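The values are calculated or read from the model by the stated rules, or taken from the named source; none is laboratory data. Source: prediction; values computed, not measured. Cβ coordinates were reconstructed from backbone atoms using ideal geometry, including for glycine residues, and neighbour counts include every protein chain displayed.
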Amino acid sequence: MAMPSHRREGPDASTSVAVRLTDFVLRRPAAAFPASVLEQARYLLLDTIGIAIAAGPMEAGRIARDTATLLYGSTDPRHSARMLFDGRRASIAGAAYAAATQIDNLDGHDGYSPTKGHIGVAVVPALAALAEARPDLSGPEALASLIVGYEIAGRAGIALHATVSDYHTSGAWNALGVVAVAARLRRLNDNQLRQALGIAEYHGPRSQMMREIANPTMLHDGSGVGTLIGLSAAVLAERGFTGAPAITIEEPEVADHWQDLGAFWQVLHQYVKPYPICRWAHAAIDATRGLCQAHNLEPADISHVEVNSFHYAATLFDGMPDTTSKAQYSLRFAVATFIVHGRIGLEHISGSGLEDAAVADMLSRITVLESERHSARFPAGRWADVAITTSDGRILVSGDVHARGGPEAPLTQTEIVAKYMEFAAPVLGQGRAEAIRDAVLSLNDRDSLFSDLSALLYDPPLITTMLQRPAW
């Protein structure tokens, strides 16, 4: 769809990328988004909300919510919001920060391979916080605003990775996607959007991803702080603060990364995780899963497992984890857990799951090696192959396996809904979980309102204990 030309304020009026980005963010109507893109956005939103629900009782989320009330409060109706599945009020930046940190600490949310990171973890909390001041927000416009966030964040992440040497966390570029969501919903003008993008890029947390991989903590992927900065940048620009340009958008050397904006839809290329584990371990889990299912293997049937995967997968936490953070940044533990239990749920990566003697025994039979072949395919793909030596001396090989959940091997809509219910129902109860599911999946109806969904999102859960989840 050809977009009209708009005159920009400021000295960079001739920057075509910035002009097209502004038109896309601020002026592309929801009706101009392809139906398939709006459809996929519903399922990404549902999946992320499910992780937010399940992560609510976890310690990291509780700390983040308490901190938001202590440090990031506001009483201004236009600048405050309730926190997801908590109900207490903070600033819009504080509420979104708390939710993003909460989601970030249960590694089951969507991701985008070319960015080596995650987008929904930031833009969904931003949408929820901003919608508090927009009771008139239609379902299609909420989805369009979410899509804008995905498309800007993804390209900013690719541009940043292409122009710097450090491997930074998602928060660095998620901040720009959050700005895009805020600019659209708060109706910023062209110059305010440009300044906000520059502020967010400048202050975005260029935190060290590999430090977190080596020493897993609640820092995870920096998305909580990235979300905080993105919404802060939007309000700063709204009030006249300057910070342009964002060089990951306006520098000539990154222009190629923005040429397909509005034509190639990154929303359609996100992956949805089958397991609440770092994506780098998923190919190894899926290769093991395939062998176990094909040969009806039980734990006692397995003498040794050899995993070959890409470099970053081989650097994941190697021992028996003693914290949830370490468990999520695992590979050997994840593969062992799947062999023993046939699935990986929240109960396996927390609490007594960290002291599971059967998993510890299986972990001792697993080795992980780096494969140059698989490393060469990263980050476009996450590949692994597995060889299982059985107790009767057979050697079973998987061949090369790509992680499920992305466009190469997508989960079905039915599987995504089942995953959501598995994570949400034990916390909220079946009825409320189903009501949220139905409200999310109705958002592309022309007459729907986001407030029909948001009425279900803020009250704290009545069920506060993690119950056993069924396989799906």
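Some notes on this structure:
- Of all the numbered requirements in (1) closer than 22 Å to Gly399 by Cα; (2) surrounded by fewer than 18 Cβ atoms within 10 Å (Cβ to Cβ); (3) aromatic (Phe, Trp, Tyr), Phe264 misses one, and that requirement is (1).
- Residues located in the range 151-169, provided they are at pLDDT 95 or above and within 14 Å of the chain's Cα centre (by Cα): Glu151, Ala153, Gly154, Gly157
- Residue in the range 424-432 that is crowded, with 18+ Cβ neighbours inside 10 Å, of a type outside the set (Lys, Arg) and under 19 Å from Leu127 (Cβ atoms) present: yes
- Which listed residue, of Ile388, Ile395, is surrounded by fewer than 17 Cβ atoms within 10 Å (Cβ to Cβ) and either in the same structural domain as Ser309 (by TED's automatic domain parsing) or in contact with a helix residue (DSSP H, G or I) (Cβ under 7 Å, 6 or more places away or on another chain) (or both): Ile395
- From Ser165, Ser170, residue being without any contact (Cβ under 8 Å) to a residue 40 or more places away in the chain, assigned by TED's automatic domain parsing to the domain that holds Leu219, out of contact with any Cys (no Cβ under 7 Å at 6 or more places or on another chain) and over 20 Å from Asp260 (Cβ atoms): Ser165
- None of Leu331, Leu291 is of a type in the set (A, V, I, L, M) and within 17 Å of Thr389 (Cα to Cα) except Leu291.
- Listed by first and then second residue, the pairs with beta-carbon distance under 7 Å, at least 6 apart or on different chains, first residue in the range 177-190 and within 17 Å of Leu228 (Cβ to Cβ) and in the same structural domain as Leu261 (by TED's automatic domain parsing), second of a type outside the set (Lys, Arg) and part of a loop (DSSP other than H, G, I, E, B), are Gly177/Ile119.
- Scanning the range 362-372 for residues that are out of contact with any Phe, Trp or Tyr (no Cβ under 8 Å at 6 or more places or on another chain) and touching a residue at least 60 places away in the same chain (Cβ under 8 Å) gives Met362, Arg365, Ile366, Thr367, Val368, Leu369.
- Ala237, sole failed condition from (1) free of Cβ contacts under 8 Å to residues at least 12 places away in the same chain; (2) more than 16 Å from Glu151 (Cα to Cα); (3) not in a loop (DSSP other than H, G, I, E, B): (1)
- Total residues in the range 454-465, condition touching a residue at least 40 places away in the same chain (Cβ under 8 Å), under 25 Å from Pro140 (Cα atoms) and either buried (at least 20 other Cβ atoms within 10 Å of the Cβ) or more than 22 Å from the chain's Cα centre (by Cα) (or both): 3
- Residues in the range 351-359 include none that are free of Cβ contacts under 8 Å to residues at least 24 places away in the same chain, within 18 Å of Arg289 (Cβ to Cβ) and assigned to a helix (DSSP H, G or I).
- Any pair with Cβ under 7 angstrom, 6 or more apart, that starts in the range 23-52 at a residue that is of a type in the set (Lys, Arg) and ends at one that is surrounded by 21 or more Cβ atoms within 10 Å (Cβ to Cβ): Arg42/Leu143; Arg42/Val440; Arg42/Leu443
Residues checked against (1) more than 22 Å from the chain's Cα centre (by Cα); (2) part of a helix (DSSP H, G or I):
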{"site": "Phe241", "(1), (2)": "yes, no"}
{"site": "Ala255", "(1), (2)": "yes, yes"}
{"site": "Ile277", "(1), (2)": "no, no"}
{"site": "Arg289", "(1), (2)": "yes, yes"}
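- Residue check, Val401 under 21 Å from the mean Cα position of the chain (by Cα) and within 30 Å of Gln266 (Cβ to Cβ): no
- Take the conditions (1) within 16 Å of Gly108 (Cα to Cα); (2) surrounded by fewer than 15 Cβ atoms within 10 Å (Cβ to Cβ); Thr414 misses just one of them, which is (1).
- Among the residues of the range 295-325, those identified as in contact (Cβ under 8 Å) with a residue 60 or more places away in the chain, assigned to a helix (DSSP H, G or I) and either buried (at least 20 other Cβ atoms within 10 Å of the Cβ) or of a type in the set (A, V, I, L, M, F, W, C) (or both) are Ala300, Tyr312, Ala313, Thr324, Ser325.
- None of Ala214, Ala233 is at pLDDT 95 or above and either farther than 28 Å from Gly50 by Cβ or buried (at least 22 other Cβ atoms within 10 Å of the Cβ) (or both) except Ala233.
- With a requirement of 2 or more residues that are within 13 Å of Ile152 (Cα to Cα), the helices (runs of 4 or more DSSP H) lying completely within the range 163-224 that satisfy it span 171-185, 190-203.
- Pro252 passes every criterion in (1) modelled with pLDDT of 95 or more; (2) surrounded by fewer than 23 Cβ atoms within 10 Å (Cβ to Cβ) apart from (1).
- Within the range 132-143, the residues that satisfy the criterion of being hydrophobic (A, V, I, L, M, F, W, C) and surrounded by fewer than 24 Cβ atoms within 10 Å (Cβ to Cβ) are Ala133, Leu137.
- Complete set of residues in the range 411-444 that are more than 14 Å from Leu45 (Cβ to Cβ) and not hydrophobic (A, V, I, L, M, F, W, C): Thr412, Thr414, Glu415, Glu422, Pro426, Gly429, Gln430, Gly431, Arg432, Glu434
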